[in-house]
C-alpha cells in the first residue's frame, strides 16, 4: 500500500532517534576505571615475562594496579660482562711476572781512542858488543892440528883439489892425487893464490911444516895464521927464491883457528902455478 511521504516522515525520524539514544545511554553509565584497568593489565609484564611486547599465557589478569612509579627493564642490547673469578693453578694462585731489567743496555767502557805511541826518538844502546869468547882446546903433544880441519883455496886446477893438503899424505910426487894447484885462469904472478886449513876452535900454534912438489918447488910465498878477530891473516914467515921441497916454519905461539900459504911466484919453469902437497900444523 502506498502512503504519502509527507504523512509518515516525522514518525520515521522519531523512531531512529529513540534507537540511537538507547544505544548511547548504557555506554555512558559504565565504570570508567574498567577501561583503564584493562589497558594497564595488558601493558604490565608478568613475573615470568620481562618483555611487555610479548604476550603471555600464564595467569592473565585484568585487575587494576594503581602503581604509577613502574619503570621499564634496561634495553635488550645492553649486556653486563660478569667478572671472572681469580684463576688458580694446581698449587696456588698464578705467579706474577718477574721484574725485568731496563731494556737500554749499558755501553761497554772502551779504551782511549788515541793509542799511546812510543817516543819518536829511539833509545840507542851504548853497550859495546863483545867479541865471542873462544876457549883454546888442549891437545896432545905432536898432534897434527891440520888433520882435523877443512881446506879451501882461491882457485883449483881441475883434479887438484885443496883437500889434498891435509889428507895426511906427504908424498911429493907431481900428481893430482898428491897436491893442490891453482887454476890456470888465475896465474900466481897476476893474482896471488892461496890455500888454507881452518878448524873449529882456537888452538895454540907455533910450528908449520910444508911439503911442495919435487922439481916444482914453490919459490916465493908467505906463511900466515888467522888473527884472533878472524878478519885478516897475520904473516909469521916469508920465503923468497925457495928451492926446498920440505920446509919447517917456527914462530912464537899464537891462539888461532887457521893457517894459510899465500903463493906469489911458482917454480922458474912454471912461475904461474903454485903447488902444495901437504900442510901440517903443531903446537910446538
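Can you sort 273, 251, 221 so the residue with the fewest Cβ neighbours within 10 Å comes first?
Ordered from fewest to most neighbouring Cβ atoms within 10 Å, 273, 251, 221 come out as 251, 273, 221.
Give the order of 262, 200, 218 when sorted by the count of other beta carbons within 10 angstrom, beginning with the fewest.
On the way: 262 20, 200 11, 218 25.
Arranged by neighbour count, lowest to highest, 262, 200, 218 become 200, 262, 218.
Take every Cα-Cα pair in region 227-279 and report what % of them are more than 18 Å apart.
Tail fraction, whole percent: 42.
Roughly speaking, what is the centre-to-centre gap between region 214-229 and region 255-279 when only Cα atoms are used, to the nearest Å?
5
Could you check the simple spin-label distance between residue 169 and residue 232, using points 7 Å along Cα→Cβ, in nm with one decimal?
Distance between the two pseudo-spin positions: 3.7 nm.
Which order results if 201, 196, 206, 156 are arranged by neighbouring Cβ count within 10 Å, fewest first? Walk me through the intermediate numbers first.
Values: 201 12, 196 23, 206 16, 156 20.
Neighbour counts put them in this order, fewest first: 201, 206, 156, 196.
Determine the gain in length on full extension of the stretch residue 186-residue 206; use 0.36 nm per residue of separation and subtract their C-alpha separation, reporting nm with one decimal.
Working: separation 20, 0.36 × 20 = 7.20 nm, distance 3.12 nm.
Value of the extension gain: 4.1 nm.
Values in this text are rule-based calculations from the coordinates and carry no lab data. Computed from a predicted structure; not experimentally measured. Reconstructed Cβ throughout: ideal geometry from the backbone, glycine too, with neighbour counts over all protein chains shown.
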